[in-house]
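The values are calculated or read from the model by the stated rules, or taken from the named source; none is laboratory data. Owing to the predicted nature of the structure, the values given are computational and were not obtained by experimental measurement. Every residue, glycine as well, gets a Cβ built from its backbone with ideal geometry; the counts of neighbours run over all protein chains shown.
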Amino acid sequence: MQILFVDESGTPPQRIPCRDRYFVIGGIAVPDGVWHRLRDLVRGMKVRRQLVGELKWRYFSATNVDAENPMRLLDQATRNDIRKEIYEIICSIKSIKAMACVACIDAAFQRPSIQCSDDLYHFTYKPLSERFQYHLQDLSRTVGRTETGIIVADHRGSKSDTRFRSAHEAMVRRRGDFNSSYDNLIETLFFLPSDLSVGIQLADMVAGAVWRKYEKEDDYYFKPDRASVPQITRWENRWLWDCEVPERDVALNRFDAG
């Protein structure tokens, strides 16, 4: 069984204009058989570096000194070293897959169906869930049996979670020529607080790297090709196919990694 952990790049805006141009939902698909290994690698890194607490993409900024940030007393160079090691951990397990969907906020809100932050979130989530279903189908053909999966999302509040689960259920139950069939998914959408989930914290790192590539036009952590970061160069080979930056008239793009 595969577990897809998903998290977003930041709080989706209620309306436009807004500060950001792009909104990203990132995911990391982890086979159940390697989850313990992944957890132990992350825990080992945190123990060795004496980090107590949750790891978030925004915590890696030198200006972030939140009380919950386990790196608040560290300089930028040390924070970057930790970030590189996290990507190295992800890349060290070949069966893990990373995927993301990028939405152009301005273009998305031009659609009649996008009226609020929840609409934007669900709109961006749908292609990501479809990509996970396709991944399960591909695995099923490879191994010769049905490969199933569940999706675990970051807990964002009881009301937001209820609306998200309802949107997920409507999506997976919908049938038609223009809708995906989610035959490989088990049960419904699950939620966990990110501080209790290694998978969701790593999904946040995926979303952060993709958001930085599009929003800041900086692919340093999305597609590293510099000799200064040799320990994460394998991350470049994780992306199976890329796409053009979504412009104003293109609402979203999606891509995944192998």
Would you call I114 surrounded by fewer than 16 Cβ atoms within 10 Å (Cβ to Cβ) and over 30 Å from K84 (Cα atoms)? no
Check off (1) surrounded by fewer than 17 Cβ atoms within 10 Å (Cβ to Cβ); (2) of a type in the set (S, T, Y); (3) within 18 Å of the chain's Cα centre (by Cα) for Y22 and give me the number that stays unchecked. (1)
Would you mind stating whether D118 is in contact with a Cys (Cβ under 9 Å, 6 or more places away or on another chain), among the acidic types (D, E) and farther than 18 Å from M205 by Cα? no
Which numbered condition in (1) modelled with pLDDT of 95 or more; (2) buried (at least 22 other Cβ atoms within 10 Å of the Cβ) is the only one that Q76 fails? (2)
T142: under 20 Å from the mean Cα position of the chain (by Cα) and either surrounded by fewer than 19 Cβ atoms within 10 Å (Cβ to Cβ) or over 17 Å from Q2 (Cβ atoms) (or both), yes or no? no
Among (1) buried (at least 20 other Cβ atoms within 10 Å of the Cβ); (2) farther than 30 Å from T146 by Cα; (3) among the β-branched types (V, I, T); (4) under 20 Å from the mean Cα position of the chain (by Cα), where does I90 come up short? (2)
Identify the single condition in (1) of a type in the set (S, T, Y); (2) closer than 30 Å to V47 by Cβ; (3) touching a strand residue (DSSP E or B) at 6+ places or on another chain (Cβ under 6 Å); (4) assigned to a helix (DSSP H, G or I) that Y125 does not satisfy, given that it satisfies every other one. (2)
When you scan the stretch 139-191, how many residues do you find that are part of a helix (DSSP H, G or I) and out of contact with any Lys or Arg (no Cβ under 7 Å at 6 or more places or on another chain)? 20
Could you list, in sequence order, all residues of the stretch 155-202 that are of a type in the set (S, T, N, Q), more than 16 Å from T11 (Cα to Cα) and in contact (Cβ under 8 Å) with a residue 24 or more places away in the chain? S180, S181, N184, S197
Keeping to the stretch 31-83, report how many residues are within 30 Å of M1 (Cβ to Cβ) and assigned to a loop (DSSP other than H, G, I, E, B). 5
Output the qualifying pairs, or none if there are none: Cβ atoms under 7 angstrom, residues six or more apart or on different chains, first residue in the stretch 203-220 and under 22 Å from F191 (Cα atoms), second residue polar (S, T, N, Q) and crowded, with 17+ Cβ neighbours inside 10 Å. D204/S194; A207/S9; G208/S9
Only one of (1) touching a residue at least 24 places away in the same chain (Cβ under 8 Å); (2) in a loop (DSSP other than H, G, I, E, B); (3) closer than 30 Å to M1 by Cα fails for K94. Which number is that? (1)
Only unsatisfied item for E130, checking (1) surrounded by fewer than 16 Cβ atoms within 10 Å (Cβ to Cβ); (2) assigned to a helix (DSSP H, G or I); (3) not β-branched (V, I, T), is (1)
For Q50, are the conditions met, namely being polar (S, T, N, Q), more than 19 Å from R212 (Cβ to Cβ) and loosely packed, with under 13 Cβ neighbours inside 10 Å? yes
